[in-house]
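Here the structure comes first, spelled out in structure tokens, and everything after it is commentary.
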Amino acid sequence: MTLAGLFSSSSVSPSPLGRWLKPAVGAALTLATASAFAQTQMKIATVVWIGYGPFYVADALDLYKKQKLKVSLQVFSDPALIPAAIASGAVDGGMLTYDQVVGQVAGGKNMKVVMPIDYSNGGDAIVADGSIGKVADFKGKKIGYNPLSPSDFLLSYALKTVNLSEKDINPVSMTPEAVPAAMASGALPIGVTYEPSLSQILGQGGGKKFKVVFSSKDAPGLIADVLVFDDKVIKAKPAEITGIMKAYLEGLAYIKAKPDDAAKIIGKFMGVSAKEAKEQMSGVYNIPLAEMPKAFVKAKETTSYYASGEIIGQLLVAKGQIKAAPATEATFDASLVKALAK
């Protein structure tokens with residue numbers, strides 16, 4: 001299967017114009033068509049994740065139009081497939097977690113963060129049945145999660161806190177969406193996933209069957225979502241990328257100004273109710289423009305890429321996923337955020 005077959009677009013292509021239109025109408029439509037062609041088209045890879053809500057709002061309300069952009073969100077079922085799509089040029093950029101970026105740069109890819117989006121604040125979690133009380137109880141147990149993904153990273157970090165590693169568990173590879181069914185069937189006592197799959201698990205058995213044992217709340221800033229482009233694209237299309245960032249910020253402002261309407265839009269995109277979308281929003285923190293520059297500044301807090309990147313690099317090296325951690329400066333380009341924040 002080609003990469004193009006692995007994602008779907010939220011945009012709809014216009015129908016071709018008929019030749020039977022009256023001259024005046026035809027002239028008007030010609031102008032409209034010319035205006036449409038004046039828009040730069042950009043394809044951005046994403047997954048269904050509550051933290052990307054401002055992008056979903058921007059998509060539904062076409063907030064890109066004023067930036068003279070036509071942005072098509074390409075929805076992937078597996079976030080691990082997005083880096084390859086960016087590298088191949090199948091998409092112009094994508095939404096990744098920062099640990100993915102560290103891994104890609106360590107592997108020789110020239111991908112860079114241009115904007116912090118959010119960090120998980122409970123939206124990613126390790127859930128377990130009643131037989132599991134704490135992370136130390138994971139030893140020897142089957143755990144379902146998606147390798148080389150945010151779930152893998154969260155699990156690795158949790159295990160490290162109790163001096164365990166992947167060698168001490170029985171890993172079962174599966175996508176985040178497959179975890180709820182696997183746990184419901186009794187095949188797995190422990191699973192790692194994120195919203196909306198997380199709420200699906202916790203809602204089973206009247207909310208008493210499964211519980212959160214460890215979540216991104218226990219590691220603030222470590223699972224951070226970012227907007228990423230190849231360095232060549234950043235150099236070639238800085239204005240277009242800035243336009244995407246502006247539309248995102250407008251989407252974020254809309255969420256704050258009209259939370260009920262925004263929840264309906266986001267819920268529709270994610271395939272959940274507006275109520276569920278609102279509940280899931282509490283599990284992430286979308287970073288406002290005023291705070292964005294802090295992510296690129298050296299600090300001890302894990303909301304800084306320097307602090308979180310050091311921990312991420314150590315874990316990835318320990319897992320054998322990379323040979324050496326890249327320099328933090330090689331993982332981002334802060335110029336566009338700094339220009340916007342002035």
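The values are calculated or read from the model by the stated rules, or taken from the named source; none is laboratory data. Since this is a predicted model, take the numbers as computed values, not measurements. Please note: Cβ atoms are built from the backbone with ideal geometry, for glycine as well, and neighbour counts cover all protein chains shown. SASA here: full protein model, heavy atoms, side chains in, ligands and nucleic acids out. Shrake-Rupley method; radii C 1.70, N 1.55, O 1.52, S 1.80 Å.
Being modelled with pLDDT of 95 or more and over 30 Å from ALA84 (Cα atoms): is that true of LYS134 here?
Criteria met by LYS134.
From the list ILE255, ILE241, pick out the single residue that is part of a helix (DSSP H, G or I) and either open to solvent by 20 Å² or more (accessible area, probe 1.4 Å) or small (Gly, Ala, Ser) (or both).
ILE255
Is it fair to say ALA290 is open to solvent by 70 Å² or more (accessible area, probe 1.4 Å), over 16 Å from ILE223 (Cα atoms), among the hydrophobic types (A, V, I, L, M, F, W, C) and not in a loop (DSSP other than H, G, I, E, B)?
So ALA290 fits the description; yes.
Residues being of a type in the set (Lys, Arg) and in a strand (DSSP E or B): count how many of those fall in the range 65-105.
Matching residues across the range 65-105 total 1.
Considering only the range 218-229, how many residues are out of contact with any Pro (no Cβ under 7 Å at 6 or more places or on another chain), buried (at least 22 other Cβ atoms within 10 Å of the Cβ) and not β-branched (Val, Ile, Thr)?
4
Among the residues of the range 326-339, is there at least one that is under 27 Å from LEU154 (Cβ atoms), touching a strand residue (DSSP E or B) at 6+ places or on another chain (Cβ under 7 Å) and charged (D, E, K, R)?
The answer is yes, given that some residue of the range 326-339 is under 27 Å from LEU154 (Cβ atoms), touching a strand residue (DSSP E or B) at 6+ places or on another chain (Cβ under 7 Å) and charged (D, E, K, R).
Given the options ALA253, ALA295, name the one that is at pLDDT 90 or above, closer than 21 Å to ALA341 by Cα and more than 18 Å from the chain's Cα centre (by Cα).
ALA253
Restricting to the range 215-234, and then to whatever is assigned to a helix (DSSP H, G or I) and over 15 Å from MET115 (Cα atoms), can you tell me which residue is modelled with the highest pLDDT?
Residue satisfying both the conditions and the ranking: LYS232.
For the range 135-214, list the strands (runs of 3 or more DSSP E) that sit wholly inside it and hold at least 2 residues that are open to solvent by less than 50 Å² (accessible area, probe 1.4 Å) and within 24 Å of GLY103 (Cβ to Cβ); which are they?
Of the strands (runs of 3 or more DSSP E) lying wholly inside the range 135-214, those with at least 2 residues that are open to solvent by less than 50 Å² (accessible area, probe 1.4 Å) and within 24 Å of GLY103 (Cβ to Cβ) span 142-145, 190-194.
Could you please tell me which pairs satisfy a Cβ distance under 6 Å, a separation of 6+ or placement on different chains, a first residue in the range 259-276 that is at pLDDT 95 or above, and a second residue that is open to solvent by 70 Å² or more (accessible area, probe 1.4 Å) and assigned to a helix (DSSP H, G or I)?
Qualifying pairs under 6 Å: ALA263/LYS278; ALA274/LYS264.
Being under 26 Å from LYS232 (Cβ atoms), at pLDDT 95 or above and of a type in the set (Gly, Ala, Ser) is the filter; apply it to the range 30-78 and report the residue that is surrounded by the fewest Cβ atoms within 10 Å (Cβ to Cβ).
SER72
Take the range 79-99 and flag every residue that is among the polar types (S, T, N, Q) and surrounded by fewer than 24 Cβ atoms within 10 Å (Cβ to Cβ).
Result: SER88, single match.
Of the residues that make up the range 60-72, is at least one more than 22 Å from GLN280 (Cα to Cα) and among the hydroxyl-bearing types (Ser, Thr, Tyr)?
Yes, some residue in the range 60-72 is more than 22 Å from GLN280 (Cα to Cα) and among the hydroxyl-bearing types (Ser, Thr, Tyr).
Being under 30 Å from GLU166 (Cα atoms), of a type outside the set (Lys, Arg) and not in a strand (DSSP E or B), is that true of even one residue in the range 108-117?
The answer is yes; a qualifying residue exists.
For residues that are without any contact (Cβ under 8 Å) to a residue 40 or more places away in the chain and in a loop (DSSP other than H, G, I, E, B), scanning just the range 300-342, find the one that is surrounded by the fewest Cβ atoms within 10 Å (Cβ to Cβ).
LYS342
Return the pair list, or none, for Cβ contacts closer than 6 Å from residues in the range 101-116 that are of a type in the set (S, T, N, Q) to residues that are open to solvent by less than 10 Å² (accessible area, probe 1.4 Å), at least 6 apart or on different chains.
Here the result reads GLN104/PRO83; GLN104/MET111, each pair linking the range 101-116 to a residue that is open to solvent by less than 10 Å² (accessible area, probe 1.4 Å).
Restricting attention to the range 156-175, which residues are closer than 20 Å to SER120 by Cβ and in contact with a helix residue (DSSP H, G or I) (Cβ under 8 Å, 6 or more places away or on another chain)?
SER156, TYR157, ALA158, LEU159, LYS160, THR161, MET174
Does the range 100-123 hold any residues that are touching a strand residue (DSSP E or B) at 6+ places or on another chain (Cβ under 9 Å), open to solvent by 10 Å² or more (accessible area, probe 1.4 Å) and not polar (S, T, N, Q), and which are they?
Once the filter is applied, which keeps residues that are touching a strand residue (DSSP E or B) at 6+ places or on another chain (Cβ under 9 Å), open to solvent by 10 Å² or more (accessible area, probe 1.4 Å) and not polar (S, T, N, Q), the range 100-123 yields VAL105, LYS109, LYS112, TYR119, GLY122.
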